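The values are calculated or read from the model by the stated rules, or taken from the named source; none is laboratory data. Only a predicted model underlies this, so the values are computations on that prediction, with no experimental measurement involved. Backbone-built Cβ (ideal geometry, glycine too); neighbour counts: all protein chains shown.
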Amino acid sequence: MSGTRRRFFQDAAIFGAGLLGMSESLQAQNEKAIPMRPREAHREHTLPSAFLPMTTPDVADLPHKMDGAVKVFRLDAEPVKKKIAPFKTIDAWGYNGSCPGPTIQVQQGDRVRVIFENRLPESTSLHWHGLEIPIEQDGVPYISQKPVAPGEKYVYEFTVHQEGTFFYHAHSAMQEMMGQIGFFVAHPEKDYKPRVDHDYGLILQEWAVLPSNTVPNTAAMEFNWLTFNGVAAPMTTPLLTRLGSRVRLRILNLGMDHHPVHLHGHQFVVTGTEGGRAPESTWYPMNTVLVGVAQARVVEFEAKYPGAWMIHCHLPHHMMNSMMDLLRDRQIETADQTEMKALSQMESLAKSVPFEHVHHAPIAKDAESVPGFPQDAFMEMGMDEAVEKPETYGLPKNWSAGMMGMMTMIRVLPDKEYDAILARKKVPGTATEHHHES
Ligand SMILES: [Cu+2]
């Protein structure tokens, strides 16, 4: 039976056969069709009850409807075909067609209802990580609830009395490593001080996907793909900020490793954890923050210096794509490698992917006679055009060659350049004009 047909029959089983079932299931599909476009920062918001929403680059927000005073969200656990690099698509699991799942944003004090449906082939549940809620809402199979069987629904409902950066995830280790996680941000009743102009979120994940394979090996301890918000650099969408603005960055880790996340060119302070806002007396300057498994770290800084500044995990193996892949995706060998072999391997890759494949950094004439060569010589692959979007407009040619793994950049832009990119975001398809200005 095809996946579509099976899915139809699941829908029919859930809602009962007939028109009602069909229309509701169509409605659910439509909700998923909402374009994946992160919201822009609202600099001018002044309403006391409004909050500056967090933007999760490359991940959409989960919309809600009001039922009286209750914010109602619909979340479906399901398999997701996820393109993590221009030449690599994996079979992950996520929510509402997204991996990581869509971002839920509420405000401290909100009553929240999440209508959860399991479209996975096995039982699951939803855990609300860090939230102080009644035990019936804790989402631990057998302990606080029965597992939600395939095709079943479960309704979570609670009041959020905290503020901070939380998350939802399946409370099953292998499902977590298949991608079952998403942000749950509770904005404070009263704005944090000092206020920020931009608020961004990054989810750190790691994947063990063998070459020529698409299903993550969730039992592995060696990871060859490292992602921010479900994509490996250079597919990560740069974070845009105005020069002189204050920026908040929330970093969340659910994987098997801890990640030291480093920001170039600026110092930041840690203003919060997965437990909420930290008192100002605890803030001190740093530029690398260790984000442990199941932790969130919230940092803030003044975007003082114009430029495209990297944000990346500093573990060397996490700054690579397709680490240890020796077959189809990339070749990373540090022995018995020659320029000829590397180029022919890249050429065979280029037959299946639409990007420039030559290496750009020059090597010495006698490189092959030097013990240890090559190290990074054949690793960089420019693919500017394959990953082009408004947010990459104006970056120097071949910028993408240095971007791999858990990596993105924060672009600190003078007003004129910031506004020019914003204008491009409003008119899709204009990113290619006047590209590569430099
Ligand atoms: Cu790392």
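One residue alone among Val289, Val270, Val261 is away from the ligand (no atom under 16 Å from the Cβ) and hydrophobic (A, V, I, L, M, F, W, C), and that residue is Val270. Every test in (1) under 18 Å from Thr408 (Cα atoms); (2) touching a Gly at 6+ places or on another chain (Cβ under 6 Å) is passed by Gly182 save one, and that test is (1). Residues in the range 213-230 that are part of a loop (DSSP other than H, G, I, E, B) and within 16 Å of the ligand (Cβ to nearest atom): Ala220, Met221, Glu222, Phe223, Asn224, Asn229, Gly230.
Residue count for the range 402-422 under the criterion of being at pLDDT 95 or above, farther than 14 Å from Pro57 by Cβ and either within 16 Å of the ligand (Cβ to nearest atom) or more than 23 Å from the chain's Cα centre (by Cα) (or both): the result is 6.
Regarding Glu206, is this residue within 16 Å of the ligand (Cβ to nearest atom), of a type in the set (Asp, Glu) and in contact with a His (Cβ under 8 Å, 6 or more places away or on another chain)?
Spelling it out, Glu206 is indeed within 16 Å of the ligand (Cβ to nearest atom), of a type in the set (Asp, Glu) and in contact with a His (Cβ under 8 Å, 6 or more places away or on another chain).
The set of residues from the range 231-258 being charged (D, E, K, R) and away from the ligand (no atom under 16 Å from the Cβ) comprises Arg242, Arg246, Arg248, Arg250. Counting the residues of the range 302-316 that are within 8 Å of the ligand (Cβ to nearest atom) and not in a loop (DSSP other than H, G, I, E, B) gives 1. Residues that are in contact (Cβ under 8 Å) with a residue 24 or more places away in the chain, among the hydrophobic types (A, V, I, L, M, F, W, C) and not in a strand (DSSP E or B) are absent from the range 409-419 altogether. In the range 283-315, of all residues being closer than 27 Å to His169 by Cβ and among the polar types (S, T, N, Q), the one that is farthest from the chain's Cα centre (by Cα) corresponds to Thr288.
Taking every residue in the range 296-322 that is over 18 Å from Pro57 (Cα atoms) and pairing it with any residue that is of a type in the set (Asp, Glu) and within 16 Å of the ligand (Cβ to nearest atom), at least 6 positions away or on another chain, the pairs with Cβ-Cβ distances below 9 Å are Leu315/Asp257; His317/Glu222; His318/Glu206; His318/Asp257.
Please work out which residue is modelled with the highest pLDDT, limiting yourself to the range 344-401 and to residues that are part of a helix (DSSP H, G or I), of a type in the set (D, E, K, R) and under 23 Å from the mean Cα position of the chain (by Cα). Show your work before the answer.
Going residue by residue through the range 344-401, those that are part of a helix (DSSP H, G or I) are 344-350, 367-369, 385-387, 390-392, 399-401.
Adding the requirement that they be of a type in the set (D, E, K, R) leaves 347, 368, 385, 391.
With the extra rule that they be under 23 Å from the mean Cα position of the chain (by Cα), the set shrinks to 385, 391.
Values: Glu385: 87, Glu391: 97.
In this case the residue turns out to be Glu391.
Residues that are modelled with pLDDT of 95 or more and over 19 Å from Phe167 (Cβ atoms): does the range 292-301 have at least one? Taking every residue of the range 292-301 in turn, at least one turns out to be modelled with pLDDT of 95 or more and over 19 Å from Phe167 (Cβ atoms). Selection of the range 135-173 for residues being modelled with pLDDT of 95 or more and among the hydrophobic types (A, V, I, L, M, F, W, C) yields Ile135, Val140, Ile143, Val148, Ala149, Val155, Phe158, Val160, Phe166, Phe167, Ala170.
Surrounded by 16 or more Cβ atoms within 10 Å (Cβ to Cβ), more than 25 Å from Lys81 (Cβ to Cβ), of a type in the set (S, T, N, Q) and in contact with a Phe, Trp or Tyr (Cβ under 9 Å, 6 or more places away or on another chain), is that true of Gln145? If you could, list the steps in order and put the result at the bottom.
Working: surrounded by 16 or more Cβ atoms within 10 Å (Cβ to Cβ): yes; more than 25 Å from Lys81 (Cβ to Cβ): yes; of a type in the set (S, T, N, Q): yes; in contact with a Phe, Trp or Tyr (Cβ under 9 Å, 6 or more places away or on another chain): yes.
It is true that Gln145 is surrounded by 16 or more Cβ atoms within 10 Å (Cβ to Cβ), more than 25 Å from Lys81 (Cβ to Cβ), of a type in the set (S, T, N, Q) and in contact with a Phe, Trp or Tyr (Cβ under 9 Å, 6 or more places away or on another chain).
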